[in-house]
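Encoded as structure tokens, the structure appears first; notes follow it.
Where a number appears in this text, it was derived from the coordinates with a stated rule and is not lab data. Small disclaimer: the values here were computed from a predicted structure and weren't measured. Glycine gets a Cβ as well: all are built from the backbone with ideal geometry, and neighbour counts include every protein chain shown.
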């Protein structure tokens, strides 16, 4: 997963409905994505994975990898 480049960034507004929709769209297209967020923004990776119906693969610092849920 280290070769995966971040394709979604969470900014100062935090997790918004638009962010969730974008993550869902990207995971559908790419199967796995890397999401980064600003240091001062409070993001709960497990909650974001649940909201986007994805699987949380890895969290390192302010970066997470999400992938399509396996059936």
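When the stretch 47-71 is filtered for residues that are part of a strand (DSSP E or B) and surrounded by 14 or more Cβ atoms within 10 Å (Cβ to Cβ), the ones remaining, listed by number, are 54, 55, 56, 57, 58, 59, 63, 64, 65, 66, 67, 68. Reported count of residues in the stretch 20-46, each being free of Cβ contacts under 8 Å to residues at least 24 places away in the same chain and either in a strand (DSSP E or B) or out of contact with any strand residue (DSSP E or B) (no Cβ under 9 Å at 6 or more places or on another chain) (or both), is 5.
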